[in-house]
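Here the structure is laid out as structure tokens; the discussion comes afterwards.
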Amino acid sequence: MCGIVGLFIKDKALEPRLGELTAGMLATMCERGPDSAGFAVYGAPKSGKAKITLQSPNPEKDFASLAKAVEHEIDGKAKLDVKSTHAVLTCPADKAEAARQAIRTGFPGVRIMGSGEAIEIYKEVGRPTDVAKQFDLAKMKGTHAIGHTRMATESAVTTLGAHPFSTGTDQCLVHNGSLSNHNNLRRELKHDGMTFETENDSEVAAAYLTWRMNQGLNLGQALEKGLEDLDGFFTFVVGTKNGFGVVRDPIACKPAVLAETDQYVAFGSEYRALAGLPGIEKAKVWEPEPATVYFWER
């Protein structure tokens, strides 16, 4: 049993409140997942810039020299903004892959949580409200966000095992459920060049969608293919640079609710996650249908 929340802003006037509203939604899901939590926030991209979110168990040691080391390797400017155990490295977009390689080589204890022009990912072991406070979620602004509270059932409680999982540029996934064919699918995806950080079945789902989108599909089309190829119980909420998608398996035994107004689209594992949103009393509220893809894109 895990908790999922998501908020896709349609009205730019609400973008400054994205983090505040997402933090409130995440707090309602503590009982559904008390062991770890995480969230992805999509902000406005800066022209020509890429962001790489990093995590370290020894941030004071690792982050002190990281920016200068990366600058030396990429022959370009890099800026590091530290938030507790995480940091966001900003560098020229055309140097992003070189920066990631410099980090992997020079700082083996640092983990890359995600990268892209818009996405930042934060996740840690701990009660969801504490994780949100640790990274100042309530102060963040942006266009859309996805959050997860985890109750581990099949894999270890670790930072890397927490959601969201990001396996592609500006992509991430959160999952409530369990996949039964993830081991076979992981082997197939590895054969096609995908890499994995954990044994978590949810990371396989994220990698599968990345693999499909690398073939030229948009998020909605990739989710449609997932209904054919992913076996098990699942509710997914997925983010891309411009999109926000939701899908449930054909049995749809995991709870889910969607709400839409002129200002936003919101998702919660339970209605209480949506109850504090502005204008919710006038929203269209419904339970997503089984085996049906819901997809919004700007």
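The values are calculated or read from the model by the stated rules, or taken from the named source; none is laboratory data. Treat the numbers as computed from the prediction; the structure is a model and nothing was measured. We place every Cβ from the backbone using ideal geometry, glycine too, and count neighbours over all the protein chains shown. We work out accessible area using only protein heavy atoms, side chains counted, and drop any ligands, DNA or RNA first. Shrake-Rupley method; radii C 1.70, N 1.55, O 1.52, S 1.80 Å.
Going through region 188-243 one residue at a time, which ones are more than 16 Å from W296 (Cα to Cα) and among the aromatic types (F, W, Y)?
Hits for region 188-243 are F196, Y208, W211, F233, F234.
Of the residues that make up region 99-112, is at least one over 21 Å from E20 (Cα atoms), in contact with a Gly (Cβ under 9 Å, 6 or more places away or on another chain) and not hydroxyl-bearing (S, T, Y)?
Looking for residues that are over 21 Å from E20 (Cα atoms), in contact with a Gly (Cβ under 9 Å, 6 or more places away or on another chain) and not hydroxyl-bearing (S, T, Y), one finds at least one in region 99-112, hence yes.
For region 9-31, what are the residues that are closer than 25 Å to F295 by Cα, open to solvent by 10 Å² or more (accessible area, probe 1.4 Å) and not aliphatic (A, V, I, L, M)?
K10, D11, K12, E15, P16, R17, E20, G24, T28
Spot the failing condition for G168; the list is (1) in contact with an Asp or Glu (Cβ under 7 Å, 6 or more places away or on another chain); (2) assigned to a loop (DSSP other than H, G, I, E, B); (3) open to solvent by less than 30 Å² (accessible area, probe 1.4 Å), and only one is missed.
Only one criterion is unmet by G168, namely (1).
(1) among the hydroxyl-bearing types (S, T, Y); (2) crowded, with 24+ Cβ neighbours inside 10 Å; (3) modelled with pLDDT of 95 or more: which one isn't true of S36, the others all being true?
Only one criterion in (1) among the hydroxyl-bearing types (S, T, Y); (2) crowded, with 24+ Cβ neighbours inside 10 Å; (3) modelled with pLDDT of 95 or more is unmet by S36, namely (3).
I'd like the residue in region 121-148 that is more than 23 Å from A13 (Cβ to Cβ) and among the basic types (K, R) and, out of all such residues, is least open to solvent (accessible area, probe 1.4 Å).
K123
Filter region 276-296 down to the residues that are touching a residue at least 60 places away in the same chain (Cβ under 8 Å) and under 26 Å from I251 (Cα atoms), then identify the one that is surrounded by the fewest Cβ atoms within 10 Å (Cβ to Cβ).
A291
Residues are listed down the side, and each one gets a yes or a no for (1) more than 16 Å from G147 (Cα to Cα); (2) of a type outside the set (F, W, Y):
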| site | (1), (2) |
| --- | --- |
| G239 | no, yes |
| F244 | no, no |
| V247 | no, yes |
| C253 | yes, yes |
| A266 | no, yes |
| Y271 | no, no |
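For region 64-119, which residues satisfy the criterion of being in contact with a helix residue (DSSP H, G or I) (Cβ under 6 Å, 6 or more places away or on another chain), open to solvent by less than 30 Å² (accessible area, probe 1.4 Å) and closer than 28 Å to N242 by Cβ?
V70, I74, G76, A78, A87, C91, A99, listed by residue number.
I'd like the full set of residues that are basic (K, R), open to solvent by less than 60 Å² (accessible area, probe 1.4 Å) and part of a helix (DSSP H, G or I), limited to region 189-248.
The one that is basic (K, R), open to solvent by less than 60 Å² (accessible area, probe 1.4 Å) and part of a helix (DSSP H, G or I): R212.
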